[in-house]
Each structure stands twice: as C-alpha cells, then as structure tokens.
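Remarks on the structure that follows.
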Number of protein chains: 2
Amino acid sequence: MTDLRSQDSAATLSSTLVTRLRAAIMRGELVPGGKLVLDRIRASYGVSLSPLREALCRLESEGLVEIVDQRGYRVTPVSRANLAEVIRLRVELEGMAVREAIRHGDAAWEGRILATLHQLGRCKRGSRSLEEQEAWEIAHRAFHAELISACRMPLLMQFCETLHDQSDRYRRIFLKDHEPDRDVPAEHVAIAGAIIDRKAEEATRLLRDHVARTGRNIQAVLPAE
Amino acid sequence: MTDLRSQDSAATLSSTLVTRLRAAIMRGELVPGGKLVLDRIRASYGVSLSPLREALCRLESEGLVEIVDQRGYRVTPVSRANLAEVIRLRVELEGMAVREAIRHGDAAWEGRILATLHQLGRCKRGSRSLEEQEAWEIAHRAFHAELISACRMPLLMQFCETLHDQSDRYRRIFLKDHEPDRDVPAEHVAIAGAIIDRKAEEATRLLRDHVARTGRNIQAVLPAE
DNA sequence: TTTTATAAAATCATCGATTATATGTCTTGC
DNA sequence: GCAAGACATATAATCGATGATTTTATAAAA
C-alpha cells in the first residue's frame, strides 16, 4: 500500500497520475504558485494530455491545484491566511469528527487505532532516508484517518482528508528540517488513550491542540508575504 | 447572470457544460443514482468526450457525480443518511461562517444582504412558471451566499456552497410540489435582521434552525430505502 | 435449476492531431 | 520616445479515432 487513497487495484492511468502528482506537490517538488505547463508534464511523465487533464482536475478538487479557464493550471499558492484557515477548519472539523467517532465507534475500531499507533511508533520521523520519511508520513496519515473513521460521516471524512493534505504540504515544505519542539509521539499516545477511554471532551481537546500547535509552528517559519 | 459560479466571461466549453449538467442534476432531470453514459450525453449536448469528462470531473468535486475507475460515471444517489449528513454539516459550517461574517462584515456587507433580501422578496416561490421558479432559486441562493460572504474564509465558503448545492437538489426533487408548512420569507427577514443588528448568537441560531427545518421537511417525504 | 465459461456488445480510457486562445514581440504612427 | 495595433509563437481546449475493459447475452456442464 503506497497510498491511502488507491484502494481499488483498477488503476487507471489518471488515478496513478493523481497519486504521483500529489506526492510531487506535497514534497514541494512542484513549487507552490508554480505554473504547470501541460506539455512539459506530459513529456516528463510520459502520458498524453487527456489523463493529465483529468488528474489535475481531481487535484483541483483537493485544493492542491488551481485551474484558470484558458490559462492553464498552477500549484495552489501558499499564504499565511490560507494556512490559518486550513488549520482553523481542521480544528473544527476533526474535532467534530472525533466526537462523533467516539459516540459510534466499537471495540474493533479501538483495536485499529492501537494498531496504527503501534505502526506509527515503529517509524522514526527524524530519520535521514527519504524512504523512512515517507513511511512515517503514511503511517501518520493512517493514524489520524483512523481516529475519525468511525464517525459515520463520509463527507466530513473527505473534508478532513482534503484539509489534512493541504496542511501536510505546508508542514513538509516549511518544517522540512526543523527539529520538533515538542514530543509529538507522546501527543499521539495521549490522544489515542483518551479516545479509547471514551473521554470525548478530553480527546477532542487534545486533538484540537495537536493540530493547532502544528499550525503555529508552521506560521512561525512561514516567510512574510 | 444565469449562474453564480460563472463569474468570468472566459467560458470554456467544459465550464459551460458544468453549468448545464449541474442544472439538469439539480432539477432531477438526470435522476439520482442514474448512470451517465458518456456517449449518450456527448451526443445530446453536441460536444466531444474531452470537455465532457472534465465537466463530470468537476461535478464530482461538488459531490453531484460519482466516478468509478473503468466503470464510468453516475449521478450521486440519494439516501436518508446522506441527506442527514449534508444537513448536519450545513448547520455546523454555515453556523460557523455566519458567526465569522458578523465579526468581520462592514456596512457595505449589510447593504448587500438587504439588497439580496429585497430581490428575493420580489420572487414568488410558488409561482407556476419554470422561469420564475428558477429566478427564485437564484435569488435564494444569492441571499444565503451573501449572509456568509464576509467571513473571510474562502475554503469554508466553498464547502458551504457545495453542501448547499447538495441539499438544494434534495429539496428541488422531493419538495417539488409540497406547499411549505412555514413562513420561509419571514425566516429570511428574521435572519437578516439579527445579522444586521449584530446579534451573533441569535443570527446563528436562526440560520441553523432554518437549515435544519428544511432538512426535516425533506426527510419527511423521502421514500424509505 | 444453478453455476460456470465463452463470445459479443457496450462503454470507458487513452492517444495524436487540430483548432482556438492568450502572450510576447515587433512594428507603425503619433 | 511611447502607445496602440498587428503579427508570431506558445499553450490550452477540443476533436475524432483506437485500444482496453467491463457488462450482457448465450450456451454448456454440474
């Protein structure tokens, strides 16, 4: 499993492209605000225009790419205001989602949370190799997704996923070589613990703080406009 | 102005298609859950496959169309659970948005609210002709959009627009020939009044109730699964 | 009768080429 | 010297056709 989203094996060329392009954008390889010249990407990925257009269209709906009629595509620019809104919405929506999940989740769900937490613990975030970095990103994402997976609100989960993508891009680009000033693994453990103890208020608060703290750390290093 | 979304005049064929297809879906002309055979639509709208695919892709990001790899497109099905979630999210998100808008909005914003409210008042909802119906829909939509336009959170506004689209589809299909059991215009006046008086709590409550009430009315006539 | 295998039809995904639009450059007139 | 317009180039938008996949229909076997 290289990507949370590519569940079905029926990998159409467009879908593969979405995954590859998203990864490139998240890594900052395709720089924020940069123009996406169709012909150039087409050449470098060895595909034709049709699947490329479709892929970019899907990335637009994830907020990673912008389309302007007759003027092509570009990577969504970054800004303090945008980051602030993304974090604010994550705080509200993931808060709502985890509250609902605690209400509806069963024992199997608790088990999956512990499983993903364990997997996350096996990954070293600060490790040098890109492969291990990527493994941590995937595990981290799986953990956060699991926390709200029992909320029974598919639309809300999709909103959360979109917002998480957007905030992850900021973190990966701007916090690339910043040592974390806090014990992130401990925060994860605390959140999981509160959820499994069914302490809805505490879990929600911890998750909201967890997200907000990341937001503040990025804002601190984000260059002025 | 036939559509709130087609601000820029640079109408690419895909964009035009998005508008036309969305209208058809909202009217229930393209029935929920119905398969969208590309070749058939292509023929009836007189376009080629490329812009059609792109249009459907954009409608997918609005939640009105579903895409399954290798298996084509279909109009998003309706269900009690989906409607419940849409309404729940509208209540929460529009609530948050209007609160923020009240905090940031200025006198010009108040003016625009009164203007759209006035325009809405000139439209008869129960009128027979489809043209007048459509005029009411547009005015109603413009009014609701204005209420939150000052919130300074573009992503949130986009989420609200998407959700509003989805709930409007339910209302237009299932409440087509149901006389409203309540004084909807009065509710609009009350909401606008509370906002302009800067009564944040009251305005939020009124708006939330307004949305929730519509949701309940639709649920009441929604056929069992 | 039900299930499985096969063949035919329908439909989607992709491509290469064409057309339309925008952008940058170079005149031309003031 | 500068602004406005015309041309050339780059790029996006669209098309028609081809290849790949899924679905439906049909027939044989359990």
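The values are calculated or read from the model by the stated rules, or taken from the named source; none is laboratory data. Since this is a predicted model, take the numbers as computed values, not measurements. Note that each Cβ is placed from the backbone with ideal geometry, even for glycine, and that neighbours are counted across all protein chains shown. SASA here: full protein model, heavy atoms, side chains in, ligands and nucleic acids out. Shrake-Rupley method; radii C 1.70, N 1.55, O 1.52, S 1.80 Å.
Look at where the Cα atoms of segment A:63-124 and of segment B:10-54 average out, and the two centres are 31 Å apart. If one puts a single equal scatterer on every Cα of the protein assembly as shown and applies the Debye formula without solvent, what log₁₀ I(q)/I(0) results at q = 0.10 Å⁻¹? Values, matching the q order: -0.80. Extent along the principal axes, Cα only, for chain A: 54, 43, 34 Å, with the longest axis given first. Just want to confirm a number: the relative contact order over segment A:13-75, from Cα pairs under 8 angstrom separated by 6+ residues, in percent. This gives 43 percent for segment A:13-75. Entry note, chain B: the mean residue ellipticity at 222 nm calculated from DSSP H runs of n ≥ 4, each adding -39500 (n - 2.57), is -22500 deg cm²/dmol after division by the residues and rounding to the nearest 500.
Per residue, the convex hull spanned by the alpha carbons of segment B:48-116 comes to 160 Å³.
Peptide B:60-72 has a mean of 3 when you count, residue by residue, the C-beta atoms of other protein chains within 10 Å of its C-beta. In order along segment B:200-217, phi translates into HN-Hα couplings of 4, 4, 5, 4, 4, 5, 4, 5, 4, 5, 4, 5, 4, 5, 4, x, 5, 4 Hz, rounded to whole numbers, per the Karplus curve 6.51 cos²θ - 1.76 cosθ + 1.60 with θ = phi - 60° and x for Gly and Pro. Computed over protein heavy atoms with a 1.4 Å probe, the carbon and sulfur contribution to the accessible area of chain A reaches 53%.
Loop-located trypsin sites (Lys or Arg not before Pro) across segment A:46-150 with a Cβ neighbour count of 13 or fewer within 10 Å are A:71, A:124, A:128, with loop assigned by DSSP. Phi angles across segment B:148-157 convert, under the Karplus curve 6.51 cos²θ - 1.76 cosθ + 1.60 with θ = phi - 60°, into 3J(HN,Hα) values of 10, 5, 9, 6, 6, 10, x, 5, 4, 4 Hz, Gly and Pro given as x. Taking amide H as placed 1.01 Å from N in the peptide plane, the amide H of residue B:34 sits under 5 Å from that of B:75, each at least 5 places away or on another chain. For residue B:79, no residue 5 or more places off, or on another chain, has a built amide H under 5 Å of its own.
The same position residue A:115 in the other copies lies at 5.6 nm from this copy, comparing label points 7 Å beyond Cα toward the beta-carbon, shortest first. Each copy carries a label point for residue A:176 at 7 Å from Cα along the beta-carbon vector; from one copy to the others these points are 5.6 nm apart, nearest first.
Between copies, the label points at residue B:202 (set 7 angstrom from Cα along Cα-to-Cβ) are spaced 4.1 nm, reported in nanometres from shortest to longest.
Which of B:129, B:167, B:61 moves most in a GNM of chain B, Cα contacts under 10 Å? Ranking B:129, B:167, B:61 by mean-square fluctuation puts B:129 first.
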